[in-house]
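Undergrad: Quick one: the structure is below, questions incoming.
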Amino acid sequence: MQAYQIQQSTDRTALSLTERPIPQPARDQVLIRVRAVSLNARDIQIMHGHYPAAIAFPLVPVSDGVGEVVAVGHAVQRVKVGDRVAGIFRQKWIAGNASPAIRQSTLGGPLDGLLQEYAVLNEEGVVLVPAHLSDEEAATLPCAATTAWSELFTRGQLKAGETVLVQGTGGVSLFALQFAKLAGARVIVTSRSDEKLERVRALGADEVINTEKTPAWAARVRDLTAGYGADYLIEVVGDLAQSLQAVAYGGQISLVGFLGQRIAKIDIAQAIVGMVRLQGANAGHREAFEAMNRAIALHHLHPVIDQTFSFEDAPEAFRYMEQGGYLGKICIRL
Ligand SMILES: NC(=O)c1ccc[n+]([C@@H]2O[C@H](COP(=O)([O-])OP(=O)(O)OC[C@H]3O[C@@H](n4cnc5c(N)ncnc54)[C@H](OP(=O)(O)O)[C@@H]3O)[C@@H](O)[C@H]2O)c1
């Protein structure tokens, strides 16, 4: 079978195609024929050695993917041959809190990922995916979608009528937008692009703010919410000082990413007085993934896909993501 490997972490031309034997499942493992994968920002960061965790190379990249179960070990009970499954992002995170050992069980680094024709996973590390989704759509769920779901409904308790602010128009933010609309919430989206903001309106965004034209975006959030602020804020940029101004009393800021800056200077008193929950996001566990899948199936929700590449063009998919400018997930079909 064919597998892509990153040979080292500094050169993207290091993504090379290799020939490997098809692995065989042990007693509690399943062999999946991978059908589609989708890229996350971390896949690019890992490739360039910018990911804030130790990763050993060579590595089969990409955490998120979906495939068909083609063989199972004799003790496997959770799935059967023919099922369509996704690998869970952190293979050992079933429920509760994460731990260093659970972080070490992440697909696409440190564990080999799914940019390969076949993969063996533990039966505990897979979930069935909603039947109405295409393979590419189902492949988008493990990291970005489960993170968004977990912040709003596992660590958060979003209710109808509340306001969610999502920063940017990336994978996590678009899923947060879609899930928040399912729950009857009002959603404000920020972006640096008017064109993208126009497109997110079609996805249900109630209000949009261009942060290039309105750098003091927190004040605009206050205006839009009659001074109240956003109950939930998905922070992917790192502009925490403004996020603290934009969040409501008792609201939650989910610290998901730091695409703009990693170090932020904040007024701690502002968080204390506002009783703000600063919530570090760490993707999501299997229980959250399964709860999310039930909601996706019930509401026939479709993830937003920007573009799908062939397996042969996988390096081109990485380059496309690095260029930015996309809206929605970038997929690779096997
Ligand atoms: N903690 C966790 O559990 C977890 C899980 C998933 C992802 N993440 C992290 O969260 C971040 C977002 O992930 P993603 O998959 O949604 O990424 P993505 O699909 O690459 O999208 C990121 C979006 O953020 C905006 N953006 C990018 N650079 C920016 C900058 N310098 N300043 C302001 N906005 C910027 C862009 O939107 P516009 O072009 O519309 O402005 C872009 O589309 C990444 O850093 C990722 O590593 C963390």
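Undergrad: Which one of A139, A183 is away from the ligand (no atom under 12 Å from the Cβ), surrounded by fewer than 24 Cβ atoms within 10 Å (Cβ to Cβ) and either closer than 24 Å to V62 by Cα or not assigned by TED's automatic domain parsing to the domain that holds Q116 (or both)?
TA: A183
Undergrad: Where in the stretch 181-299 are there helices (runs of 4 or more DSSP H), lying fully within it, with 3 or more residues that are of a type in the set (K, R) and modelled with pLDDT of 95 or more?
TA: Those helices (runs of 4 or more DSSP H) span 194-202.
Undergrad: Next up: Looking only at the stretch 313-334, which residues are crowded, with 22+ Cβ neighbours inside 10 Å and either in a helix (DSSP H, G or I) or without any contact (Cβ under 8 Å) to a residue 40 or more places away in the chain (or both)?
TA: A317, F318
Undergrad: Tell me, please, whether a residue that is open to solvent by 60 Å² or more (accessible area, probe 1.4 Å) and under 18 Å from the mean Cα position of the chain (by Cα) can be found in the stretch 101-108.
TA: Yes, the stretch 101-108 has at least one match.
Undergrad: For residues that are assigned to a loop (DSSP other than H, G, I, E, B) and either touching a residue at least 24 places away in the same chain (Cβ under 8 Å) or touching a His at 6+ places or on another chain (Cβ under 8 Å) (or both), tally how many sit in the stretch 87-133.
TA: 22
Undergrad: Yes or no: G260 within 21 Å of R42 (Cα to Cα), surrounded by fewer than 24 Cβ atoms within 10 Å (Cβ to Cβ) and assigned by TED's automatic domain parsing to the domain that holds V172?
TA: Taking the combined requirement at face value, the residue satisfies it.
Undergrad: Applying the selection to the stretch 292-306, what residues are at negative phi and open to solvent by 70 Å² or more (accessible area, probe 1.4 Å)?
TA: R294, L298, H299, H302
Undergrad: Is one or more of the residues making up the stretch 44-58 without any contact (Cβ under 8 Å) to a residue 12 or more places away in the chain, open to solvent by 10 Å² or more (accessible area, probe 1.4 Å) and either in contact with an Asp or Glu (Cβ under 9 Å, 6 or more places away or on another chain) or assigned to a loop (DSSP other than H, G, I, E, B) (or both)?
TA: Scanning the stretch 44-58, I find at least one residue that is without any contact (Cβ under 8 Å) to a residue 12 or more places away in the chain, open to solvent by 10 Å² or more (accessible area, probe 1.4 Å) and either in contact with an Asp or Glu (Cβ under 9 Å, 6 or more places away or on another chain) or assigned to a loop (DSSP other than H, G, I, E, B) (or both), so the answer is yes.
Undergrad: Go through the stretch 228-250 and give me each residue that's open to solvent by less than 10 Å² (accessible area, probe 1.4 Å), away from the ligand (no atom under 14 Å from the Cβ) and within 9 Å of L165 (Cβ to Cβ).
TA: Hits for the stretch 228-250 are G229, A230, A246, V247.
The values are calculated or read from the model by the stated rules, or taken from the named source; none is laboratory data. Only a predicted model underlies this, so the values are computations on that prediction, with no experimental measurement involved. Note that we place each Cβ from the backbone using ideal geometry, even for glycine, and neighbour counts take in every protein chain shown. These area figures cover heavy atoms from the full protein model, side chains too; ligands, DNA and RNA do not enter into them. Shrake-Rupley method; radii C 1.70, N 1.55, O 1.52, S 1.80 Å.
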